[in-house]
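Below is one structure, written out as structure tokens, with a few remarks after it.
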Amino acid sequence: MPPQPPSAASRDEPVIRERGDACPGALRLHAADDGYLARVRIPGGLLTTRQARALAHAAERFGDGHLELTSRGNVQLRGLADGCGGGLAELLDGAGLLPAPSHERVRNIVASPLGGPQIVGWVRELDRLLCASARAAELSGRFLFALDDGRGDVAALDPDVTVLADTGCGAGPGPRGGGSIVVRLDAGVGGVEVEGGDAARAGLVAAEYFLDAARAAGTRAWRVAELPLEHALDAREFVRRLAAAGIAARHVPEVVWPYAEPPRPGRVGAAGLCVLPPLGRVGAAQWRVLAEVADGGDGELRVTPWRSVVLPRAAADDGGRIEAAGLVVRPESPWRTVTACTGKPGCAKSLADVRADARAVVQGQTQAAELSVHWSGCARRCGHPRGSAWVDLVATPDGYELDARPVPHADLAAALTAARTTPTTTEAAVKK
């Protein structure tokens with residue numbers, strides 16, 4: 001099994017941060033081996049076509065001409081030149097992608113990509129409240145909110161605060177009815193019930209509760225799971241804080257949390273289309289094709305935490321056009337179950353060009369494997385899947401290790417095929 005990331009560490013071994021959060025943003029650029037990197041937060045993955053085109057323009061004007069989709073539904077620009085920060089900020093601000101410069105790194109909100117108007121409304125309101133809160137600026141760039149429409153897709157992504165809707169059809173956390181929802185702190189078995197109209201405000205109260213606990217702990221925790229046990233968040237105290245904010249709430253000790261797989265490439269929902277860029281990397285010209293298709297629908301794109309893009313409305317013949325641009329729209333594509341970190345040459349810590357090696361293995365395959373594989377350039381395993389089982393392939397100074405076993409490079413394809421059809425070898429799941 002791969003080690004847990006620090007954000008998921010057990011409270012028996014408390015995380016003590018010795019430095020501030022250096023998570024990159026659109027204004028705080030990260031110096032990588034291939035140039036500077038900017039991470040643009042896209043709350044809920046919601047983009048207008050105007051904003052999408054602005055990102056493509058930024059990639060071409062300042063970067064390497066590509067956009068990277070992240071495991072939190074955000075967009076990264078790579079290969080940025082030194083001194084481009086001011087021009088990039090001006091471009092993004094003009095597109096409405098920097099509503100609050102002091103808060104741009106804390107706008108980490110994932111949302112069910114097939115969710116309806118309720119989810120969209122929650123995203124917009126929570127983002128507005130975060131940007132208006134002086135305290136929220138103290139959150140780390142890794143603190144994560146998840147707004148789930150009741151199916152349990154983004155609730156499985158290890159969020160710090162989860163808002164789960166009640167679908168009214170048994171898929172949600174219980175037959176509560178009345179428009180009520182459940183808010184969960186970290187990975188607790190229970191939650192706190194509030195009215196749907198209070199979803200965004202409850203999320204902000206939860207974040208402020210975490211900040212108080214982190215300050216009291218003195219360990220500079222970035223995420224809820226990093227709080228020491230004696231400072232762990234308590235549902236009853238959360239109810240008290242909600243009441244003080246004028247939000248009616250009650251503690252629900254046990255909740256049946258649903259789980260749904262991510263949307264697969266192809267038709268989704270009533271009239272949508274899920275598009276997968278191989279390895280989450282898409283060229284500016286390809287990105288503009290998606291924007292043009294979205295223009296013919298409802299003018300919206302949704303970037304998902306699984307490095308795909310959902311077009312809520314797409315015509316029947318749009319799939320062929322998108323596939324011709326080199327993007328995946330077939331659920332059986334082998335790319336559906338392959339992810340990778342940046343690897344060489346972009347990352348100084350990487351021991352291999354994992355993307356090139358992944359492409360070499362996938363080339364010639366025609367079907368998706370049963371289990372996903374994540375190619376990691378080093379033991380940090382950046383960007384590994386969450387919420388499902390995955391095969392762990394890690395570069396070492398001597399080659400690759402597959403589930404901690406050395407594998408000769410010539411045998412990679414065969415070894416991966418065997419591992420991805422044998423679930424017992426892949427207990428490295430982060431599924432909740």
For R19, placing the label point 7 angstrom along Cα-to-beta-carbon and taking segment 371-397, residues whose amide nitrogen sits under 13 Å are none
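Percent of alpha carbon pairs in segment 256-335 separated by more than 21 Å?
I get 20 percent for the Cα pairs in segment 256-335 exceeding 21 Å.
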Segment 365-412: relative contact order from alpha carbon pairs under 8 Å, six or more residues apart, as a whole percent, is 28
Note: segment 122-268 at 37 °C, 0.692 mPa s; Kirkwood Rh on alpha carbon pairs; Stokes-Einstein D in µm²/s works out to 211
Quick note, segment 20-157: a/c under 1.5 would make it rounded; otherwise a/b > b/c is prolate and the rest oblate (a ≥ b ≥ c, C-alpha gyration tensor); here it is prolate
In degrees, nearest 10, the alpha-carbon axis of helix 235-244 is tilted away from the dominant principal axis of the alpha carbons of the chain by 60
One finds the C-alpha centres of segment 48-114 and segment 200-279 to be spaced, in Å, by 25
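Relative contact order (percent) for the chain, with alpha-carbon contacts under 8 angstrom and 6 or more residues of separation?
Value for the chain: 16 percent.
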Burial-style ranking of 338-345, 304-311, 120-127, 211-218, average other-beta-carbon count within 10 Å with highest first, yields 304-311, 338-345, 120-127, 211-218
Taking a probe of 1.4 Å and leaving out DNA, RNA and ligands, segment 360-424 shows per residue an accessible area in Å² of 48
Tilt, helix 117-132 to longest principal axis of the chain (alpha-carbon atoms), in degrees rounded to tens, equals 80
quick note, the chain, DSSP beta bridge pairs, % antiparallel (nearest 5) is 75
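Compute the accessible area per residue over segment 54-137, keeping the other protein chains in place, probe 1.4 Å, unit Å².
About 36 Å² of surface per residue is accessible.
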Largest first and rounded to whole Å, the semi-axes √(5λ) derived from the alpha carbon gyration tensor of segment 191-281 read 33, 20, 13
Any residue on another chain or 5+ positions along whose placed amide H is under 5 Å from the amide H of V252 is listed here as G191, V192, E193
Longest principal axis of the chain (C-alpha) makes with the long axis of helix 49-62 (C-alpha) an angle, in degrees to the nearest 10, of 50
For the chain, the percent of accessible surface on carbon and sulfur atoms (probe 1.4 angstrom, ligands and nucleic acids excluded) is 52
Taking alpha-carbon centroids only, segment 151-167 lies from segment 378-425 a number of Å equal to 28
With only helices counted (DSSP H, runs n ≥ 4, each -39500 (n - 2.57)), the per-residue ellipticity at 222 nm for the chain, to the nearest 500, works out to -7500 deg cm²/dmol
For the chain, the dipole about the Cα centre with charges only on Cβ (Lys and Arg +1, Asp and Glu -1), to the nearest 20 debye, works out at 340
Treating only Lys and Arg (+1) and Asp and Glu (-1) as charged, each at its beta carbon, one finds that segment 219-294 has a dipole about its Cα centre, in Debye to the nearest 20, of 220
Where a ≥ b ≥ c are root eigenvalues of the Cα gyration tensor, a/c under 1.5 meaning rounded, otherwise prolate if a/b exceeds b/c and oblate otherwise, segment 245-388 counts as oblate
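The values are calculated or read from the model by the stated rules, or taken from the named source; none is laboratory data. None of the values given here were measured: they were computed from a predicted structure. No Cβ is skipped: glycine too gets one built from the backbone with ideal geometry, and neighbour counts run over all protein chains shown. What goes into the accessible areas is simple: the full protein's heavy atoms, side chains included, and nothing from ligands, DNA or RNA. Shrake-Rupley method; radii C 1.70, N 1.55, O 1.52, S 1.80 Å.
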